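Visitor: The structure is given below, and queries will be raised subsequently.
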Amino acid sequence: MRPDISPKLARASRIMAWLALAGAVVYVALDIGTFLIPDALNAFGAFQAHHLGMQILSTIPLALRADALALDLVPTALFAWMLLELRLLFLAYANGAVFTAESLARLSRISALMFVQVAAAFVMEAPISFVLSLAHPPGHRAVSLTLSSYDVSFLFTAGVLLVIARVMAEARSVAVENAEFV
């Protein structure tokens with residue numbers, strides 16, 4: 001089922017596909033930079049790892065920051081994957097593939113990735129915060145876990161997308177059934 005879409009919708013979808021790709025690249029680059037060149041990014045206030053509850057500084061030894069980065073790349077990779085799936089969804093929309101099974105599966109996958117990313121960021125916060133505090137003397141090391149309003153809004157958005165995907169899949173099923181009936 002490939003409905004014709006307006007040129008405006010196709011153009012908007014292509015723009016959003018480009019923005020999703022740019023977002024994935026920039027997000028990963030800034031996340032890596034947060035750990036490897038923290039002072040430069042802190043000076044601009046460009047990016048902070050929201051789950052850590054602390055600012056990453058160059059006074060933390062590079063080896064510890066690299067270890068923390070390796071842990072942080074798990075939720076970062078999930079977020080980038082979600083943005084890349086979003087890019088592919090927008091490209092499908094731009095080509096008129098709105099109610100296809102593939103587009104609906106991709107929308108469901110985006111929702112699932114959003115849920116998993118929040119969970120991974122929450123779980124990884126403990127070892128990341130511990131690793132970053134290893135340079136502190138005993139008794140001054142920390143382990144933190146936070147669930148922010150950002151996380152709650154991200155989870156809510158994931159739930160909304162999941163329900164929309166299910167509603168669209170149901171509508172597609174009814175449309176296919178009606179088309180076969182006629």
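The values are calculated or read from the model by the stated rules, or taken from the named source; none is laboratory data. It should be emphasised that the depicted structure is a prediction, and the values quoted were computed from it without experimental measurement. Backbone-built Cβ (ideal geometry, glycine too); neighbour counts: all protein chains shown. Areas reflect the complete protein model, heavy atoms only, side chains present, ligands, DNA and RNA absent. Shrake-Rupley method; radii C 1.70, N 1.55, O 1.52, S 1.80 Å.
Visitor: Could you tell me the relative contact order of the chain? Use alpha-carbon pairs under 8 Å, at least six residues apart, and round to a whole percent. Walk me through the intermediate numbers first.
Guide: Values: 218 pairs, mean separation 49.3, N = 182.
In percent, rounded to a whole number, it is 27.
Visitor: So how strong a dipole does the chain carry about its Cα centre when Lys and Arg Cβ are +1 and Asp and Glu Cβ are -1, to the nearest 20 debye?
Guide: Working: 11 positive and 12 negative charges, 68 e Å.
Charge dipole of the chain: 320 debye, to the nearest 20.
Visitor: To continue, here is another question. I'd like the FRET efficiency for LEU134 and LEU36, computed as 1/(1 + (r/R0)^6) with the beta carbon distance as r and R0 of 25 Å, rounded to 0.05.
Guide: 0.90
Visitor: Next question, about the same structure. Before rounding to the nearest 500, sum -39500 (n - 2.57) across all DSSP H runs of length at least 4 in the chain and divide by the residue total; then give [θ] at 222 nm in deg cm²/dmol. Could you put the intermediate results ahead of the total?
Guide: On the way: 5 runs with 135 residues, N = 182.
Calculated at 222 nm, the ellipticity per residue is -26500 deg cm²/dmol.
Visitor: Continuing with the same structure: Quick one: accessible area per residue over the stretch 1-160, 1.4 Å probe, rounded to a whole number of Å²?
Guide: Accessible area per residue: 52 Å².
Visitor: Please turn the phi angles of the stretch 152-158 into ³J(HN,Hα) values with the Karplus equation 6.51 cos²θ - 1.76 cosθ + 1.60 (θ = phi - 60°), one per residue in order, whole Hz, x for glycine and proline.
Guide: 5, 5, 5, 5, 4, 4, 4
Visitor: With the crude spin-label approximation of a point 7 Å out along Cα→Cβ, what separation in nm comes out for SER149 versus VAL163?
Guide: Label-label distance for SER149 and VAL163, simple model: 2.1 nm.
Visitor: Could you derive backbone 3J(HN,Hα) for the stretch 136-149 from the dihedral phi with the Karplus parameters 6.51, -1.76 and 1.60 (θ = phi - 60°), listing whole Hz in sequence and x where the residue is Gly or Pro?
Guide: For the stretch 136-149, the Karplus curve yields 6, x, x, x, 10, 7, 9, 10, 10, 9, 9, 10, 9, 5 Hz.
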